[in-house]
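Contents: one structure, followed by commentary.
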Amino acid sequence: MAVIPRDQGHPYDENDPMERIMFLQHGVAEPDSFDLIDRAGIVNPILLPQADGSPQPTDRRVSLLTPDTVAALQATLTPGSAPESYTLPTPDRIATPDRSFARTNVHGLTVPVPYPTKAGALAVEVWGFVDPAGAIAPWFPGTTIRCKEGELVHSTLLPKKGSHTIHHHGIEPTPMNDGVGHATFLVAGGGYTYQWLAPDAGTYFYHCHKNTVLHFELGMYGLLISDPNVPNAPFIDGGPGAVYRGNTIRNYHKEAIWVLDDIDSRWHETVQPQHGVGAGMGGTGVGAEFTTIGQNTGIELHRFEPDFFVVSGVFADPASQPKPNLITNTLVSPVMNRGETLLIRTLNASYTVVTLKFPSQIDPEVIAMDGRTFGRAPFMSYSRPFKLSTQNRQLTFTTANRWDLLIDTSSVPSGTHFVDAEFRHWRTNDLLRTVTMQIVVNS
Amino acid sequence: MSINRRQFLKIASSGMAAVAVGAAGGYNLFWRDGEAMAATPTLILSMEAALMEMSDKVQLPVWVFQKGGDVPRCPGIAIFSVEGDKIDIKITNNLTVRHAFFIPGVVDSGDILPGQTVTVSFNAPAAGTYMYYDNSNAPMNRVMGLHGPLVVLPRIPFTPYTNPPTSMQNLFNDLGRTSHFPGSPWDPARNWFWFLNSFDPIKNAAAAASPSMSASSFTNGYLSQYFTISGKSGFFSSHDHNIRLSGNVGQPCLVRCMNAGLITHSYHLHGNHAYQLTNSDFDKGTTVVSDNLRMLDAWPLAPLQGKDMLVPFIQPPDIPKSKWPPVQEKFPLDFPMHCHTEPSQTAAGGNYPHGLLTHFIITGPINSADGVVQVTKAEVRLKFGKLSISGVSSQPVGTILEVRAGSGASDTIIGTTTVKSGGTWAFTGRALKTLVNRSLSVTTQGGGPQRLDVRPVMR
């Protein structure tokens, strides 16, 4: 029977060093930031050039950086120094940023859960990000990165427990500042500073992009908000603040943050502890390029069956009163005085398809998606904001989508209004859980 | 429209292996870099069993639509045509149970029994993106691999649609002609497919062993182990120029996103946000061409859903302006595009990132050699024997354009015009020669960008 090859029409040449580098970079040998400095192997002899002078398969930098830059990196090496004493310099660095952030990752800590996990525990380990200068809590979701449109930002990752990255999702800098392990490099102990311009005002997020399937699920993400360039920005999470509606600045009194997530406790308490942080990455066995289905028994990162549902770090509890799975935390479920304006920033950080259903008393206006404001010149002049009532007061979104919703409560009756979030399985479309947020409007 | 003129069939690199049928066969509207041609009056397809190699070399049984004389591919070959043209497709079922060829709202072969050959004829529907697939024993036969794309072009392909809504017309008018879109207008040759499917090895083996098994037996407990984009995964889809996007800043491209599988995905593009142009339902056979253009970095794609996305190829907006072009970091700037519902990034339960992944490559800053000629209007007034044709070009002012009667660069020149300031050009002349061929071409004198086989409006 005819075979359709995996490289049909575009043959993979294992003897082409650059193709080999790119192949191995897809999971088997993702270089870290120190590998990019140490091409000649002064500190790390594993990375010596091959006998014919061609680069080692891990030497991704020859296709990332100009030869002058590579030579300069190599000149910084001192034999005998520890790899973690080196920090990969940011290419095309501007010395003085307008704003700087630092993040390190949190691991090994657990959070209580309202009912037993698959292994019967009442707590689950979740990872996250914090500012290393700040307090440890809260780390899930990670501490928000909040900046002002147009600022030059330096965001430094100081990783712990192996290498990680930060991908600032929706922000579009150069590849080396984009934080994708398989496309560029992982950040090793010495750290790395990502350089980017604070993007168009809107809702973004950041997450680790190493073995993303696992690290994102384990909790390595946080919100990233770019505020308009107005006085007092960047604002405090929860409001008050200001956003663009089209080309106009609108003030809001309160800001609700709905980061919807789901957790498969198997991934947290079995996959990661038993198979390590590298679970699901690279080949198994000496020289192996892949791990087989049989070898992945017990890992199975294609199998995601969530048993917990979370909004901005708050676990939904079927036993909660007065409604099951009601989230009353006021950062999620705000209390408004009638006439005030509410901004809802919502992100789907789950691996399920989520539908938000608003009650008939509330008709939010959709002012932005994915950090792009409807009607705002120049790039969004082909669009305009729209009322959610044009689509039955519902929106359905998938992983990484963000919707920004503006609600003028002057037309909302006083009382408590419930907004349902239906989590549906990505394959079966089965309803897994309905979580409810509330908006309380006082007259 | 009768097709007595030369009819060509091409294997080409327009984002997938492709074939042009109907009158569209006579031109290379889509084909980059002069691909080989073959002539045939009718597209011949057969349904075949094959083994499909996953990125980790595991081979799975699949069923595919295979073009006569071609190798098996999954998805099947991309069929291109022009709105209104007649399409004839002769389909032979070389499998062991009944199958079908179906484009919702367009054509339905009904049962094609094992060993049987059926010819379907239909007129190419409204310009846009369609999915052909086997709708029998749904969804099993489709998910086993019996699917592929059909693209229909407008007669004047300034946008991918005929009479697009105002906002979309404005967007295409602005490409290459405003300060926020420096570079070129959209070139219809800049067309890619991101066509999704997934594979559960246990289910594929069961269907291959028992092709008449019920669809519910196939879908119950279905658990994908492999996730493909235009038939490939991971490294292989990231480095195939038919799947990964590439170009300089200022070369916008169209990506036709389609999902033949059973899973709702969430495409995420790094480096640029993209405009969503359409939303198609390949179950019901409906397409909405949008007048309110979202600019997204992630977009959902449910089973049998399609979205045409325009990737603007702008300078990545969050690189500091004083550091463009980068000095220390090298071109090409290589960004990923992946499904953000991350379990789809696996193969065989792990092997991240060997799943639904490709790349988006910015090869360099704006290059003045990337000029494009586009036609915005072409009209023949039969009563007066008068031809009017006009358009835009990103070539320098004064560049001489040749207007030709016919569908190729070697056809007769009927006049010349020049690119004016503002990037516009226009030509008016006698229409007699164009009437014979009913198509026009515009080429650049001395070689360069061209727009072939434009169908003028007859009045």
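The values are calculated or read from the model by the stated rules, or taken from the named source; none is laboratory data. Small disclaimer: the values here were computed from a predicted structure and weren't measured. All Cβ positions, glycine included, derive from the backbone under ideal geometry; neighbour counts span all protein chains shown.
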Would you check if there is a residue in region A:157-169 being part of a strand (DSSP E or B) and farther than 27 Å from A:Met369 by Cβ? yes
Would you tally the residues in region A:374-400 being in a loop (DSSP other than H, G, I, E, B) and facing chain B (nearest Cβ under 7 Å)? 9
Considering only residues of region B:190-245 that are in a helix (DSSP H, G or I), without any contact (Cβ under 8 Å) to a residue 60 or more places away in the chain and away from chain A (no Cβ under 13 Å), which is nearest to A:Gly280 (Cα to Cα)? B:Ala206
Within region A:1-22, work out how many residues are polar (S, T, N, Q) and either within 21 Å of B:Tyr352 (Cα to Cα) or at the interface with chain B (Cβ under 10 Å from one of its Cβ atoms) (or both). 1
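Residues are listed down the side, and each one gets a yes or a no for (1) hydrophobic (A, V, I, L, M, F, W, C); (2) in a loop (DSSP other than H, G, I, E, B):
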site: B:Ile89; (1), (2): yes, no
site: B:Gly115; (1), (2): no, yes
site: B:Val120; (1), (2): yes, no
site: B:Pro125; (1), (2): no, yes
site: B:Thr129; (1), (2): no, no
site: B:Gly148; (1), (2): no, no
site: B:Val152; (1), (2): yes, no
site: B:Pro157; (1), (2): no, yes
site: B:Thr162; (1), (2): no, yes
Residues being within 30 Å of A:Asn247 (Cα to Cα) and either out of contact with any Gly (no Cβ under 7 Å at 6 or more places or on another chain) or surrounded by 24 or more Cβ atoms within 10 Å (Cβ to Cβ) (or both) - total across region A:144-167: 12
Note: among B:Leu387, B:Leu440, B:Leu382, just one is touching a residue at least 60 places away in the same chain (Cβ under 8 Å), surrounded by fewer than 18 Cβ atoms within 10 Å (Cβ to Cβ) and not β-branched (Val, Ile, Thr), namely B:Leu382
From B:Asp134, B:Asp108, B:Asp85, grab the single residue that is charged (D, E, K, R), within 25 Å of B:Ser224 (Cβ to Cβ) and outside the structural domain of B:Gln276 (by TED's automatic domain parsing). B:Asp134
Has region A:401-422 got at least one residue that is among the basic types (Lys, Arg), within 9 Å of another protein chain (Cβ to nearest Cβ), buried (at least 24 other Cβ atoms within 10 Å of the Cβ) and under 27 Å from the mean Cα position of the chain (by Cα)? yes
Criterion violated by A:Val180 - all others in (1) surrounded by 24 or more Cβ atoms within 10 Å (Cβ to Cβ); (2) facing chain B (nearest Cβ under 10 Å); (3) under 15 Å from the mean Cα position of the chain (by Cα) satisfied: (1)
Taking the conditions exactly as written (in contact with a Ser or Thr (Cβ under 6 Å, 6 or more places away or on another chain), modelled with pLDDT of 95 or more and more than 9 Å from chain A (Cβ to nearest Cβ)), does B:Val289 satisfy them or not? yes
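Taking B:Gly176 as the residue in question, decide whether it is within 13 Å of chain A (Cβ to nearest Cβ), over 15 Å from the mean Cα position of the chain (by Cα) and either within 26 Å of B:His359 (Cβ to Cβ) or of a type in the set (A, V, I, L, M, F, W, C) (or both). Talk me through it step by step, then tell me what you get.
Values: within 13 Å of chain A (Cβ to nearest Cβ): no; over 15 Å from the mean Cα position of the chain (by Cα): yes; either within 26 Å of B:His359 (Cβ to Cβ) or of a type in the set (A, V, I, L, M, F, W, C) (or both): yes.
When the stated conditions are applied, B:Gly176 does not pass them.
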Determine whether A:Thr117 is under 28 Å from A:Ala201 (Cβ atoms) and β-branched (Val, Ile, Thr). no
Candidates A:Thr292, A:Thr355, filtered to the one that is within 14 Å of chain B (Cβ to nearest Cβ) and in a loop (DSSP other than H, G, I, E, B): A:Thr292
Could you check region A:352-367 and list, in sequence order, the residues that are of a type outside the set (Val, Ile, Thr) and closer than 20 Å to A:Val311 by Cβ? A:Leu356, A:Lys357, A:Phe358, A:Pro359, A:Pro364
Out of the residues in region B:45-60 that are in contact (Cβ under 8 Å) with a residue 12 or more places away in the chain, assigned to a strand (DSSP E or B) and of a type outside the set (A, V, I, L, M, F, W, C), state the one that is nearest to the other protein chains (Cβ to nearest Cβ). B:Glu48
Number of the exception - A:Ala288 against (1) of a type in the set (A, V, I, L, M, F, W, C); (2) surrounded by fewer than 16 Cβ atoms within 10 Å (Cβ to Cβ); (3) touching a helix residue (DSSP H, G or I) at 6+ places or on another chain (Cβ under 6 Å): (3)
Specify which of the listed residues (A:Tyr244, A:Tyr194, A:Tyr206) is touching a helix residue (DSSP H, G or I) at 6+ places or on another chain (Cβ under 8 Å), of a type in the set (Phe, Trp, Tyr), more than 8 Å from chain B (Cβ to nearest Cβ) and in a strand (DSSP E or B). A:Tyr194
